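Below you'll find the structure, written out as structure tokens, and then a few comments.
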Amino acid sequence: ALAAPDRIGPYQVLERISAGGMAEVYKAKQTGADNFERPVAIKRILPHIARDPSFIGMFQAEAKLAVQLQHGNICQIYQLGRHDDSFYIALEFVDGRDIGAVLDLHQRRGRGIPLPQACYMVSRACEGLDYAHNKKDPSGRPLNIIHRDISPPNILVSYEGEVKLIDFGLAKAVGSSIHTQAGIIKGKLAYMSPEQVRGATLDHRSDVFALGIVFFELLTARRLFR
């Protein structure tokens, strides 16, 4: 992993939250007049991916769509920026854990998440997805937004009980970059619809299929597909 920078764009970096094959995520803060401070999450796309022209175009297009999503169950994007040789997204900081971490804990205990909590998390994720799937542009045309990567790491649960979806459209951008595809998509196969695995045309039902897999895993604490 790269050394954590002191700043990314106008944001002061506090700590690295996670690092993967595609991006690093940092907790940072935005400062302003009169001691104004706001915590933000910064997702920095790793330089070897950000250099790919096909990725850059798709990433910018998808981020511009995602920025239009304003819903209580979707992580709000504040800014799309460029820093040195990479791109970043500044988004709402959610103080909590992702569903993957929740699942890991319950798998170690050998039992599923209690039914009311599982239903609560999935129903809130459904609310966010339904909003995104039906989102229209200002002239009333459907934006046809599909998440494409509904999986436990992309559903956050705050310590206050809020449920937020992250990374809308990012899977589409990564898919446009053939050099990075093999390593990154491999871990997501267990949550993909058959259409997505085959590379066929997708609609919103692919996201619903993926969320069904997450629901199964929450209830049983075991993987549905390997």
In the range 127-141, residue farthest from the chain's Cα centre (by Cα) [restricted to those that are under 16 Å from S206 (Cβ atoms) and open to solvent by 80 Å² or more (accessible area, probe 1.4 Å)]
N134
Which is within 11 Å of F87 (Cβ to Cβ) and polar (S, T, N, Q), of Q60, Q68, Q30?
Q60
Of the residues in the range 208-226, those that are in contact (Cβ under 8 Å) with a residue 60 or more places away in the chain, more than 18 Å from V163 (Cα to Cα) and open to solvent by 70 Å² or more (accessible area, probe 1.4 Å) come to R222
Would you please name the residue that is modelled with the lowest pLDDT, looking only at residues in the range 142-159 that are surrounded by fewer than 16 Cβ atoms within 10 Å (Cβ to Cβ) and touching a strand residue (DSSP E or B) at 6+ places or on another chain (Cβ under 6 Å)?
P142
Top-ranked residue in the range 52-99 [being of a type in the set (F, W, Y) and outside any loop (DSSP other than H, G, I, E, B); ranked as surrounded by the fewest Cβ atoms within 10 Å (Cβ to Cβ)]:
Y78
Would you mention how many residues in the range 18-34 are open to solvent by 50 Å² or more (accessible area, probe 1.4 Å) and of a type in the set (A, V, I, L, M, F, W, C)?
2
Looking at (1) over 13 Å from D84 (Cβ atoms); (2) touching a strand residue (DSSP E or B) at 6+ places or on another chain (Cβ under 7 Å); (3) of a type in the set (D, E), which is the one condition that is false for D6?
(1)
Pull up the range 35-51, narrow it to residues that are closer than 17 Å to L170 by Cβ and not charged (D, E, K, R), then point me to the one that is most open to solvent (accessible area, probe 1.4 Å).
H48
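The values are calculated or read from the model by the stated rules, or taken from the named source; none is laboratory data. Keep in mind it's a predicted model, so treat the numbers as computed, not measured. Backbone-built Cβ (ideal geometry, glycine too); neighbour counts: all protein chains shown. What goes into the accessible areas is simple: the full protein's heavy atoms, side chains included, and nothing from ligands, DNA or RNA. Shrake-Rupley method; radii C 1.70, N 1.55, O 1.52, S 1.80 Å.
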